[in-house]
Structure formats: structure tokens, C-alpha cells
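Note sheet for the following structure.
The values are calculated or read from the model by the stated rules, or taken from the named source; none is laboratory data. Treat the numbers as computed from the prediction; the structure is a model and nothing was measured. Here the Cβ positions follow ideal geometry from the backbone for every residue, glycine too, while neighbour counts run over all protein chains shown. These accessible areas exclude ligands, DNA and RNA; they are computed on the full protein's heavy atoms, side chains included. Shrake-Rupley method; radii C 1.70, N 1.55, O 1.52, S 1.80 Å.
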Amino acid sequence: KLLYIKKSRILLSTFPSFAREQRKMAHEEQEDVDFQQLEVQSIIGFNGSVLGGLNIHPDKQHQIYSIGSTLVVEDLQSRKQEFLHGHHSDIACITISRSGRFIASGQITHMGFKADIIVWDFNTRTEFARFVLHKVKIQGLAFSPNDKFLVSLGGQDDGSVVVWSLDKKEAICGSPAQSKSSGNTMCLTYSNNTDYLFVTAGDNNLRVWELDVENRKVRPTDVGTGQTKRIITCMSLTLDDKTLYCGTTTGDVLGINMESRLFQHIGPEKEKFSLGVTAIALLETGEFLIGAGDGTVQIMRASEQAAPGGKKALKFVKTKKQQKLESGVTSISLRGRGHEFFVATEKSQIYKFNLADFSHTLVNTCHYSAINDIAFPLLCENVDGKNRMFGTSDLFATCSYQDIRVWHTPSQKELLRITVPNMTCFAIDFLRDGSGIVSGWDDSKIRVFFPETGRLMYAINDAHKKGVTAITATSDCSRIISGGGEGHVRVWRVEERIAKSGQKTFVTELEEALKEHANAVSCIRVSKDNTQCVSASSDGSCIVWDLRSFRRKQIMFANTLFRCVCFEPEECQVITSGTDRKICYWELYDGTLIRELDGSRSGSVNGMDISLDGQYYVTAGDDKIVKVWRYAEGDVTHVGQGHSSPIMRAKICPNNRLIVTVSDDGGIFVWKFPY
């Protein structure tokens, strides 16, 4: 009893402070609402892993796809993008109504939470309705032919089918998607002629559903396939609703008679599609397009042939029209009647096909894995005895698994791709004279490439023991400074020589190895006059080095894993950020901490960059929010939301027009700089 009284007193004594904390958090949240929003100019990215994630609108002028939690409506001619924000997690499925009036998107969320379905009005680009009933994931969506109903299919943690009324914006009825003896239901399609019939299929299950609106019931009819056991991944109904074609993981296609609800045929009997059929689309000619997991796109034809007993049997025949893409097909979407169609792949590439000659062109590409770094080309010139930085916002480079890509900002197109198979590039930088792209890789090599052709200029082997994790170059291009996973900072001297044959050769020499960090170096910055550099490490230290004597000038400690560091333009201060969510201002003269700000409420601050005039800087990190700060006042002025994965890096372009952020899901967001 005494112990209980003592605990109660402790709780009562802490209650006022707890209440104050709650009021403080509520006040901060209200302040967040009052921040001005950053405007997204464009997004370079596409989630190619979503089956059916690319859709061509019935107006033949727009394509709809997702990147993270953002739905993108893009004009096929002008490449102008519009963004629909509403989901708080990754989008898992997309569908468009036949009239083109509505777009529906469903998301995947965390275990135990409900997943949202949002119906968008295409004409106004606004949210029309939001449905919340399924758990964890929305597996599939389909509109009825006359836009009366929307059918949604839950994932394996939900396992239910729900029919929604678009007029009343409410659920009509629902039912378990499969029987207890069968596997998960994976795909869904609606009838082309009636609002009261739809089909679901999956692991050893295929059901035709009839909707009874008056009694608020859906009644399933199981389609028996006999001894043929298949996992169905995609489906398509003929225009007259007489035949259903189903693609399977085995690499063949099932033909189902919808009138008798009986299994008709399976094919091709030989030379099945490798890695399964992942996408299927019907043409007006009766033929159908097949997309396979190995990247094959081919036309198949269903023909009736005589069978024993005088009966006719359906047989699938492959045609000679075939193309092989780089990676597995995830979506096939027809434009108009199918004279053109678009194909999306696992590696986030979009191809445009011409049906007549089956030629194809690559129209969109982006990273398909985490982007580790970003760099803008900068030019350093001596003005009035001082080094000044100049640059452009039209070009920037990003690095990821296996490749470095150079992008043209106005057109959002990839200008150059440099590929190193099975290697990951951790850091990149441009030489100040524009002659090369410097990169650090996980195989412990520093590679320098020509920016025009992407050809290798020279490489430094065994630069570090545990990969090159940070890299930069001096403004005179005579030195490269690299940081490694083992914690060493190394300075490399680069000399250009002309051989007797007249060819240019490059000689690299290790000038000094600086060994004071105890963990991976995450970021390196060089001063404008090339006399000093600062390195940030995951060991909780940030060191300023003298590049003339190769000695430590200053060291700063913090209880954090440093992620990034920036010189203030006057180079008398540096700002750092890391996993402790703090933004710290440090005095270079004596290494003292002069200001500490809360950069984030959750997760580390991974990216930070300061404008060339030093008035503003931008931060981003695991909280998926981009923030613009005033340097002197230390307050946030603008906030940008749109990423659905942790942001890895953030950069302000040299002429203060744009902010570019890159994320863990391969998305590149280009924001308008507000000042």
C-alpha cells in the first residue's frame, strides 16, 4: 500500500511536465501546418515493381503511374506532370474507369493497420472518395463498365472482396475472396458489359462473382480446372465476355468459357514463357499481348481446331511478333485501340511499342534501387582575388547500384548512363573544370569518367579497404580526396601527362593518408581556396584537416553518427547533421558548438546543402520531409512532402533555382527553390 502511494505521488509530480510536453508537441504540430509548402516541379521516377502500375488514360493523352505514395499524371506529348497527394504509404495498385472520369489507387501499409483506397476525379485532379476497410494491403481494384461500382481485393492479410458504391460513397457488401482450402487471391478483373459480374483468381482459385445489390450480396461460382493446378497472376476478358484468359506463374495461359464457367484449354504446350506470364492485354483483332518475367513481349492467337469426337477445341499459338526487354514485364497498357501500347518493366523502364512492325523505343527510365549521392557541375573562377562558384541547374548526376546517370532537368531525360556491373557507387562529384566525373565504389576503387561519353578516364585501385564512401575534388582539379569505410581520409595527387604517341595519360599518387576516424567517413567538403577540408564520420567526430601540412586543425565531437557536413560560405563555421536529429553550428576557430537546432522529430538527417550565398540551407532525412532553413535565424520557412521512403541526399542547384532530393526507393524529386 505504501509503495502504491509512493508511485502515485511520483506520477502526480511528473504529470505537469508531461502535460507541458504534450502542449509543446501540439504547438509544434500547429506550427508545421503554418509552414509554406515547397512546390514540386517534376519527379523522375517510376515504381516498376507494381503489377499493372502503368496505365494509359482513355483520352490517349496521359499516362498514370506511381512513385512511392505519389500518383503522377503525365502528358505523353509535353511531359508535363501533375501530382496527386493523399496516400501516406506506398501505392500498391492503380486502375482507371472505362470512361476515364475516375482513377482509383490502393496502398500497402504496416502490419495491423488499415490500407486506404482513394478514388480521384480525373477532371479536377482532386480526391473524390476515400474508402478504408481492408487491412495492410490493397491487392487489386476494378471499376464496373458504367462507373457505378468499385471492387477492391485485399492482400493475403485481409483476404476479402468488397464492393463499393461510387454514388453513395459507401460499401455495399463484402465476402472472403477464397475458400479455406485454396491459396491467396492475387488478381481481379471486371466484366466489359455488365455492372454485376466480376472475376477473381490466384493460387489454385478462380471465381466468378455475381452482384445482388438489392440483397447486398455477392455470390461466387468456383471454376474448376480439373487436375490443372496453377497460380494465376493476371487476367483479361474478351470484349463480349465469352472467354477469360489467365496468365500463370508456370508460363502458360488458361482459357475459360465464361458462359459455362468451365476450363477450356491451356497453352502453349511447348516453349512456355520463362519466369511466368506477368501481364496480359487483349487486342481488337482477338489476339492478345503477353508480357513475361524474363522480359519477353509477344503476341499470341487463340484458334479453334478440330478435336476427336467432332468437337472444336481452343488452341493457343505464338506469333512471330516478339521482342526481348532488359528485365521482367510488369504492365502492358494499350493506347486507344492498341495501335500503340506501353510496357513497363521491373527495372522502372517504360517502352513504347508500335503494333504494326512491333518496334519499340525507350521513353522513360530511372533508378530502380536506392540512390546514394547527387552532384551538380560547378565552375570555380577567381574574381577579385577570391574563388567564386558558378553553375547550372540544367544538369545533375546521381549514383546507385550498378550505374551513374546524368539527367537533363528541363526535359527530365537521362543524357548519359555509366554502368559498372554488380557494383554500388556510394559517392560522386564533378571536377570543377567539367572534364570528369569522380566516383567512389564498394569494390574499393575510385573511377573517373569522361562526362560526354561515359568512357573510363582512369581508375585508382585499392583506394580503401572497405569501399570508398565519400569523395570530392579540389577546385584546381589536381587532387582527389576520398573517405573509406575503414575511416581513413586519403589525398590523391593527379597529374596529366602526354605520351610520345600524343595520347593523354593520368598518373595518380597517394599524397597522404589521414588516419584519425574510427569508422566510415560519410561526407567530405573542401574549402574554396583548397587549403583545408572537413570530414564527417560515423564514429561521432568531425575533423578539419590542413591540406598543406596534412595535420588536424580542429576536431568536433557529438553523440551521433554524422551523416553530412557543410562549410558556411565565409568558411568560419561548419554545420553538421546526423542520427541524433540535431543540426549543429560549429566555430572553426576553436571547435565550439555555438548553436543546436532540432532538424527532425523522427529519424536521422541524411542530406544537407547550403546555398552559395549562405543565406539558406536545406535538410532532409528519414522523416521523408524536405525543409528549407534560414541560416542566420535558424528557423524553417518551407516544407516539402512527397517522398515515401527515407531521403538519402539533398542539393540546392548552384543558381538557387531548384532543390533536388533523392530517396531510398529510387525517386528523384525536383522542387522549386522559394528564394
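Quick notes
- Number of the condition not met by residue 603 [criteria: (1) part of a strand (DSSP E or B); (2) in contact with an Asp or Glu (Cβ under 8 Å, 6 or more places away or on another chain)]: (1)
- Subset of the range 239-249 [touching a Lys or Arg at 6+ places or on another chain (Cβ under 6 Å) and open to solvent by 10 Å² or more (accessible area, probe 1.4 Å)]: none
- If only residues of the range 127-148 that are assigned to a strand (DSSP E or B) and β-branched (Val, Ile, Thr) are counted, the one that is most open to solvent (accessible area, probe 1.4 Å) is 132.
- At least 3 residues being within 17 Å of residue 524 (Cα to Cα) is the threshold, and among the strands (runs of 3 or more DSSP E) wholly inside the range 443-507 those reaching it are 468-473, 479-484, 489-498.
- Filtered by the rule that a residue be basic (Lys, Arg), over 33 Å from the mean Cα position of the chain (by Cα) and either surrounded by 11 or more Cβ atoms within 10 Å (Cβ to Cβ) or closer than 21 Å to residue 532 by Cβ (or both), the range 451-503 gives 479, 490, 493.
- Residues that are in contact with a Leu (Cβ under 8 Å, 6 or more places away or on another chain) and of a type in the set (A, V, I, L, M, F, W, C), drawn from the range 405-426: 406, 407, 415
- Selection of the range 512-524 for residues being part of a strand (DSSP E or B) and open to solvent by 60 Å² or more (accessible area, probe 1.4 Å) yields only 512.
- Candidates in the range 192-218 are the residues that are open to solvent by less than 50 Å² (accessible area, probe 1.4 Å) and polar (S, T, N, Q); of these, the one that is modelled with the highest pLDDT is 200.
- Just one of the numbered conditions (1) modelled with pLDDT of 95 or more; (2) within 20 Å of the chain's Cα centre (by Cα) is not true of residue 109: (1).
- Candidates 560, 579, 592, filtered to the one that is free of Cβ contacts under 8 Å to residues at least 12 places away in the same chain and within 29 Å of residue 623 (Cβ to Cβ): 592
- Scanning the range 66-96 for residues that are outside any strand (DSSP E or B) and surrounded by 16 or more Cβ atoms within 10 Å (Cβ to Cβ) returns 68, 69, 76, 86, 87, 89, 90.
- Tally, over the range 615-641, of residues that are open to solvent by 10 Å² or more (accessible area, probe 1.4 Å) and either in a loop (DSSP other than H, G, I, E, B) or closer than 21 Å to residue 427 by Cα (or both): 9
- Tallying residues that are aliphatic (A, V, I, L, M), assigned to a strand (DSSP E or B) and either in contact with a helix residue (DSSP H, G or I) (Cβ under 8 Å, 6 or more places away or on another chain) or open to solvent by 30 Å² or more (accessible area, probe 1.4 Å) (or both) within the range 527-566 yields 1.
- None of 185, 189, 225, 221 is crowded, with 16+ Cβ neighbours inside 10 Å, more than 24 Å from residue 94 (Cα to Cα), hydroxyl-bearing (Ser, Thr, Tyr) and touching a strand residue (DSSP E or B) at 6+ places or on another chain (Cβ under 7 Å) except 225.
- Which listed residue, of 439, 411, is among the polar types (S, T, N, Q), buried (at least 23 other Cβ atoms within 10 Å of the Cβ) and within 21 Å of residue 377 (Cβ to Cβ): 439
- Filtering the range 165-182 for residues that are open to solvent by less than 20 Å² (accessible area, probe 1.4 Å) and touching a Cys at 6+ places or on another chain (Cβ under 6 Å) leaves an empty set.
- Out of 668, 625, 647, 575, sole residue that is under 24 Å from residue 529 (Cα atoms) and among the β-branched types (Val, Ile, Thr): 575
- Residue within the range 420-427 that is modelled with pLDDT under 95, of a type outside the set (A, V, I, L, M, F, W, C) and surrounded by fewer than 23 Cβ atoms within 10 Å (Cβ to Cβ) present: yes
- Within the range 149-179, the set of residues being outside any strand (DSSP E or B) and over 25 Å from residue 264 (Cα atoms) comprises 155, 156, 157, 158, 159, 166, 167, 168, 169.
This table checks each residue for (1) aliphatic (A, V, I, L, M); (2) in contact with a Gly (Cβ under 7 Å, 6 or more places away or on another chain); (3) free of Cβ contacts under 8 Å to residues at least 24 places away in the same chain.
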position	(1), (2), (3)
191	no, no, no
206	yes, no, no
218	yes, no, no
222	no, no, no
226	no, no, no
248	no, yes, no
256	yes, no, no
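- Any hit, the range 596-610, residues being under 24 Å from the mean Cα position of the chain (by Cα), buried (at least 19 other Cβ atoms within 10 Å of the Cβ) and among the hydrophobic types (A, V, I, L, M, F, W, C): yes
- Cβ-Cβ contacts under 6 Å between residues 6 or more apart (or on different chains), taken from a first residue in the range 537-548 that is within 14 Å of residue 490 (Cα to Cα) and among the aromatic types (Phe, Trp, Tyr) to a second residue that is assigned to a loop (DSSP other than H, G, I, E, B) and modelled with pLDDT under 95, are absent.
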